[in-house]
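Inspection log for the structure reproduced underneath, given as structure tokens.
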Amino acid sequence: MALTQMALDSLDFDATIALAEKVAPHVDILEIGTPCIKHNGIKLLETLRAKFPKNKILVDLKTMDAGEYESEPFYKAGADICVVLGVSDIGTIKGVIKAANKYGKKAQVDLISVEDKVAKTKEVAAAGAHIIGIHTGLDQQAAGQTPFADLAAVAGLNLGVEISVAGGVKAATAAQVRDAGATIIVAGAAIYGAADPAAAAAEITAIAHA
Ligand SMILES: O=C([C@H](O)CO)[C@H](O)[C@H](O)COP(=O)(O)O
């Protein structure tokens, strides 16, 4: 059993809301993707928070510095999860964890471009990170990479932290990701690129929840 997260990666405010209207009933978590939050800012979070009270919302800030200062306003505005980069300083990561704990929310550490993902996972789990993000980014996907080997290595640690997996996950690979130990399955293109995004989201969620 895993939760599903839909990555809203459009730059357009209204298109993002319209897509969220379609998929929100069919996923557990709405993600405001990095390009989307950079383009639209905290106003988009406030709008989604008001419109979709039943969904958790993740803001993919990919914070690299000033962890507490950058993330706190987003937790205050209703984010359930904010993302900090694993390649950032441990002080930055601890700052996001501190802000999350202040609001009873969660901090996710994204392992994108981290060289030693096992060592980093141990370090940030000990620091109190709530979720580890195994993430093959869009540019890495374009170069042929996948998240599966990293997922196996991190899940094998059995540290008891939640594990989120992103990077081209689709219905055909969702069961593999779930069975390998993911507690959150992320899908972006597999949903927003589908002819029927609601149906695509429902199909992935049915697999994740099985
Ligand atoms: O986080 C993402 C990317 O780095 C842009 O910010 C995507 O939202 C994430 O990779 C999920 O999208 P798909 O890989 O298309 O499923």
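Coordinate-derived values only; no laboratory data. Small disclaimer: the values here were computed from a predicted structure and weren't measured. Note that each Cβ is placed from the backbone with ideal geometry, even for glycine, and that neighbours are counted across all protein chains shown.
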Let me spell it out: the conditions are (1) more than 17 Å from the chain's Cα centre (by Cα); (2) buried (at least 18 other Cβ atoms within 10 Å of the Cβ), and T34 meets all of them except one. Which number is the exception? (1)
Do we find that V177 is more than 18 Å from Q5 (Cα to Cα) and within 15 Å of the chain's Cα centre (by Cα) in this structure? no
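Filter the stretch 174-210 down to the residues that are of a type in the set (S, T, Y) and in a loop (DSSP other than H, G, I, E, B) and list them by number.
Taking the stretch 174-210 first, the residues of a type in the set (S, T, Y) are 183, 192, 205.
Residue satisfying the conditions is T183 alone.
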Among the residues of the stretch 100-110, what is the count of those that are surrounded by fewer than 24 Cβ atoms within 10 Å (Cβ to Cβ) and closer than 17 Å to G133 by Cβ? 2
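Being more than 10 Å from the ligand (Cβ to nearest atom) and either free of Cβ contacts under 8 Å to residues at least 60 places away in the same chain or not hydrophobic (A, V, I, L, M, F, W, C) (or both) is the filter here, so list the residues in the stretch 175-198 that pass it. Break it down stepwise before answering.
Filtering the stretch 175-198 down to residues more than 10 Å from the ligand (Cβ to nearest atom) leaves 175-184, 194-198.
Selection gives A175, Q176, R178, D179, A180, G181, T183, A194, A195, D196, P197.
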Considering only residues that are touching a Ser or Thr at 6+ places or on another chain (Cβ under 6 Å) and more than 14 Å from the ligand (Cβ to nearest atom), look in the stretch 57-70 and name the one that is farthest from L30 (Cα to Cα). D65
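Kindly indicate whether Y75 is in a helix (DSSP H, G or I), aromatic (F, W, Y), out of contact with any Phe, Trp or Tyr (no Cβ under 6 Å at 6 or more places or on another chain) and free of Cβ contacts under 8 Å to residues at least 40 places away in the same chain. Before you say what the answer is, go through the steps one by one.
On the way: in a helix (DSSP H, G or I): yes; aromatic (F, W, Y): yes; out of contact with any Phe, Trp or Tyr (no Cβ under 6 Å at 6 or more places or on another chain): no; free of Cβ contacts under 8 Å to residues at least 40 places away in the same chain: yes.
Answer is no for this residue.
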Given the condition under 17 Å from the mean Cα position of the chain (by Cα) and within 13 Å of the ligand (Cβ to nearest atom), answer yes or no: does some residue in the stretch 117-131 qualify? no
With the first residue restricted to the stretch 127-142 and required to be at positive phi, and the second required to be within 15 Å of the ligand (Cβ to nearest atom), Cβ contacts under 8 Å at 6 or more apart or on different chains are none
